[in-house]
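Undergrad: One structure coming up, written as structure tokens, with questions to follow.
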């Protein structure tokens, strides 16, 4: 009887000891993206790509929580706070539109959670806990401005979004344009929900620029494209990386022919040489995505989610060697593993982050495309 009581007491002590230690959660990833609203054309491919993510990383189960932010920065903030405070997320991914991504970055910095941004954060925000998955504006701009110079362009008209996405291209022009012999003779803006840009187009055409630079994304980039051709502008048009979607080609139709686009290499993964460091991951993503959603459905926005997972699959094992998911120590270790664990060959280039560079991509992350008859073609 006495021995039985001793054994029961020992078991109770073990149970108490085990209860005193927290039960560590799975690796939790919070994803905020616009699956409704003006950013849905960007957000839906992101969500579709999340559906391709593995259920485990390094033997640990992955819990993914996806919330719609409808393209609203305040809702993106609310989602990020929920991930951090309620779900104890180990990493936050989001969101598709720059204003919302800036808001998420603020939360990530405040609470100390690694943040992978699938939209181009401006330099003052791309630091600390936030890492940028798209190509940065300077890298994109240099490739486009160099092409403009090679094409003999001297004067440029600009039409872009009236938000931080549109602002960054004007900022880059002011910083770099003179270096490439370019002068901006007209600058017009429009809001993402606008259904007409006729007034802006008329003002740009009246300035008689050699070429027009459009700083917009998704299907919204087709509005000025169509308007310029309808108003008889026959000069070259240059589009940013945000316009490179098959939906853009469908909406813009023949007006897109011969336009020059900056793009991530995933959009022409099959056309890359075998020596390209991005070809294998690009083809793997395209095969998986279009195998599920149909031919011609790939977007470079969706592939940012693939790149996020490629980075996490390499960084998580490093962090697991130091701490368990669900803890501050794990989040700290994961941030450090992302910042110092490269190179990460992905669909969009080769990331090499550092304490002073949270963009991480170089010239391997940009290709120039043109459009003809509803297809993107690599400019050799």
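The values are calculated or read from the model by the stated rules, or taken from the named source; none is laboratory data. Computed from a predicted model, the values in this text were never measured in an experiment. Neighbour counts are summed over all protein chains in view; Cβ atoms, including those assigned to glycine, are modelled from backbone coordinates with ideal geometry.
Undergrad: How many residues does the stretch 314-323 contain that are in a loop (DSSP other than H, G, I, E, B) and buried (at least 16 other Cβ atoms within 10 Å of the Cβ)?
TA: 1
Undergrad: Within the stretch 298-307, can one find any residue that is assigned to a loop (DSSP other than H, G, I, E, B) and not assigned by TED's automatic domain parsing to the domain that holds residue 163? Explain how you work it out, then say what you get.
TA: In the first step, residues of the stretch 298-307 are kept if they are assigned to a loop (DSSP other than H, G, I, E, B); the result is 298-299.
Add one more test, that the residue is not assigned by TED's automatic domain parsing to the domain that holds residue 163, and what stays is 298-299.
Yes: one or more hits.
Undergrad: Within the stretch 366-380, count every residue that is touching a strand residue (DSSP E or B) at 6+ places or on another chain (Cβ under 9 Å) and either under 16 Å from residue 121 (Cα atoms) or part of a strand (DSSP E or B) (or both). I'd like the intermediate steps shown before the answer.
TA: Going residue by residue through the stretch 366-380, those that are touching a strand residue (DSSP E or B) at 6+ places or on another chain (Cβ under 9 Å) are 366-371, 376-379.
With the extra rule that they be either under 16 Å from residue 121 (Cα atoms) or part of a strand (DSSP E or B) (or both), the set shrinks to 367-371, 376-378.
Of the residues in that region, 8 qualify.
Undergrad: Considering the stretch 42-53 alone, what residues qualify as being part of a helix (DSSP H, G or I) and touching a residue at least 24 places away in the same chain (Cβ under 8 Å)? Break it down into steps so the answer makes sense when it comes.
TA: Initially, the stretch 42-53 is screened for residues part of a helix (DSSP H, G or I), giving 42-50.
Listed by number, the residues that qualify are 42, 43, 45, 46, 48, 49, 50.
Undergrad: Next question, about the same structure. State the number of residues belonging to the stretch 333-356 that are outside any loop (DSSP other than H, G, I, E, B) and buried (at least 17 other Cβ atoms within 10 Å of the Cβ). First the steps, then the outcome.
TA: Here is the first cut: in the stretch 333-356, the ones outside any loop (DSSP other than H, G, I, E, B) are 333-340, 344-345, 350-351, 354.
Now restrict to residues that are buried (at least 17 other Cβ atoms within 10 Å of the Cβ): 333-335, 337-339, 344-345, 350-351.
Result for the stretch 333-356: 10.
Undergrad: Let me confirm something: among 126, 105, 96, 101, which residue is closer than 26 Å to residue 367 by Cα, in the same structural domain as residue 308 (by TED's automatic domain parsing) and without any contact (Cβ under 8 Å) to a residue 40 or more places away in the chain? Working first, answer last.
TA: Working: 126 fails: without any contact (Cβ under 8 Å) to a residue 40 or more places away in the chain; 105 fails: closer than 26 Å to residue 367 by Cα; 96 fails: without any contact (Cβ under 8 Å) to a residue 40 or more places away in the chain.
One residue alone meets the criteria, 101.
Undergrad: Of everything in the stretch 286-296, what is at pLDDT below 95 and within 17 Å of the chain's Cα centre (by Cα)? Give them in sequence order.
TA: none
Undergrad: With a cut-off of at least 3 residues that are within 18 Å of residue 308 (Cβ to Cβ) and modelled with pLDDT of 95 or more, name the helices (runs of 4 or more DSSP H) lying wholly within the stretch 54-152.
TA: Output list reads 73-85, 98-111.
Undergrad: Scanning the stretch 159-183 for residues that are touching a strand residue (DSSP E or B) at 6+ places or on another chain (Cβ under 7 Å) and surrounded by fewer than 17 Cβ atoms within 10 Å (Cβ to Cβ), which turns out nearest to residue 142 (Cα to Cα)?
TA: 183
Undergrad: Free of Cβ contacts under 8 Å to residues at least 60 places away in the same chain, out of contact with any strand residue (DSSP E or B) (no Cβ under 8 Å at 6 or more places or on another chain), over 22 Å from residue 116 (Cα atoms) and outside the structural domain of residue 192 (by TED's automatic domain parsing): does that describe residue 269?
TA: Working: free of Cβ contacts under 8 Å to residues at least 60 places away in the same chain: no; out of contact with any strand residue (DSSP E or B) (no Cβ under 8 Å at 6 or more places or on another chain): yes; over 22 Å from residue 116 (Cα atoms): yes; outside the structural domain of residue 192 (by TED's automatic domain parsing): yes.
Spelling it out, it is not the case that residue 269 is free of Cβ contacts under 8 Å to residues at least 60 places away in the same chain, out of contact with any strand residue (DSSP E or B) (no Cβ under 8 Å at 6 or more places or on another chain), over 22 Å from residue 116 (Cα atoms) and outside the structural domain of residue 192 (by TED's automatic domain parsing).
Undergrad: Right, here's the next one. On the given criteria, is residue 345 touching a residue at least 40 places away in the same chain (Cβ under 8 Å), farther than 12 Å from residue 57 by Cα and in contact with a helix residue (DSSP H, G or I) (Cβ under 9 Å, 6 or more places away or on another chain)? Full working, then the answer.
TA: Values: touching a residue at least 40 places away in the same chain (Cβ under 8 Å): yes; farther than 12 Å from residue 57 by Cα: yes; in contact with a helix residue (DSSP H, G or I) (Cβ under 9 Å, 6 or more places away or on another chain): yes.
Criteria met by residue 345.
Undergrad: Being under 18 Å from the mean Cα position of the chain (by Cα) and more than 23 Å from residue 337 (Cβ to Cβ): is that true of residue 73 here? Lay out the reasoning, then the answer.
TA: Details: under 18 Å from the mean Cα position of the chain (by Cα): yes; more than 23 Å from residue 337 (Cβ to Cβ): yes.
In short, yes.
Undergrad: Separate question: Suppose we filter the stretch 10-49 for residues that are more than 27 Å from residue 247 (Cα to Cα) and either at pLDDT 95 or above or touching a strand residue (DSSP E or B) at 6+ places or on another chain (Cβ under 6 Å) (or both); how many remain? Explain how you work it out, then say what you get.
TA: To start, the set of residues in the stretch 10-49 that are more than 27 Å from residue 247 (Cα to Cα) comprises 10-30.
Then drop every residue that is not either at pLDDT 95 or above or touching a strand residue (DSSP E or B) at 6+ places or on another chain (Cβ under 6 Å) (or both), which leaves 26-30.
Of the residues in the stretch 10-49, 5 are more than 27 Å from residue 247 (Cα to Cα) and either at pLDDT 95 or above or touching a strand residue (DSSP E or B) at 6+ places or on another chain (Cβ under 6 Å) (or both).
Undergrad: Yes or no: the stretch 279-292 includes at least one residue that is crowded, with 21+ Cβ neighbours inside 10 Å and over 30 Å from residue 355 (Cβ atoms).
TA: Residues of the stretch 279-292 that are crowded, with 21+ Cβ neighbours inside 10 Å, as a first pass: 281-282, 285-286, 289.
Narrowing further to those that are over 30 Å from residue 355 (Cβ atoms): 286, 289.
Scanning the stretch 279-292 turns up at least one residue that is crowded, with 21+ Cβ neighbours inside 10 Å and over 30 Å from residue 355 (Cβ atoms).
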